[in-house]
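Beneath this line is the structure, given in structure tokens, with notes to follow.
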Amino acid sequence: MSLSTAEKKRLRQIGHHLNPLVQLGGNGLTEAVLAEIDARLEDHELIKVRVGGEDRAARTEVITEIASATQSQIAQSIGKLVLLYRPSKRPDPKLSNLLRALT
């Protein structure tokens, strides 16, 4: 599943006001971090993740690995921030950033 340009634009509009829910620290990408990202995606559907490190190529590789491991789509990636999207099986109206944006 690939996002269209219009879908990405809408997700970027919603995600602009979000704060990062997960930050990768000095230990890098671990199973615990992937589990946390997966859980936040299930709750919120659209999340920001801050990926540390100074090497741009390494950050890009980690971002791609996160998207692949969590089966999510990259809506936007700017510097150390990435906006990830994955539709929830049962979205919670109180937590879903997409449902809250509609109200």
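The numbers here are math on the coordinates, done by the rules we state, and not lab data. Predicted, not measured: the structure shown is a model, and the values here were computed from it. Cβ atoms come from the backbone with ideal geometry, glycine included; neighbour counts cover every protein chain shown.
What is the local net charge at Leu29, summed over the other residues whose Cβ is closer than 10 Å to its Cβ (Lys, Arg +1; Asp, Glu -1)?
-3
Pairs of Cα atoms under 8 Å, at least six residues apart: use those to get the relative contact order of the range 5-87, whole percent.
Dividing the mean separation by the residue count of the range 5-87 yields 34 percent.
Note the listed values (i) 0.91; (ii) 1.07; (iii) 0.95, then indicate which one is Rg/Rh (Cα atoms, Kirkwood Rh) calculated from this particular structure.
Answer label, from the structure shown: (iii).
222 nm [θ] for the chain, helices only, -39500 (n - 2.57) per DSSP H run of 4+, per residue, to 500?
Value at 222 nm, helices only, nearest 500: -13500 deg cm²/dmol.
Sorting Val49, Val22 on the 10 Å Cβ count, fewest up front, what's the list?
Neighbour counts put them in this order, fewest first: Val22, Val49.
Report the full-extension gain for the segment Leu18 to Ile78: residue separation times 0.36 nm, less the Cα-Cα distance, to one decimal in nm.
20.2 nm
Arranged by the count of other C-beta atoms within 10 angstrom, fewest first, what order do Thr5, Thr64 take?
Thr5, Thr64
Using the number of other C-beta atoms within 10 angstrom as an exposure proxy, rank Arg59, Arg90 with the fewest first.
Arg90, Arg59
Taking a point 7 angstrom from the Cα of Leu99 along the C-beta vector, which residues in the range 30-56 have backbone N less than 17 Å away?
39-47
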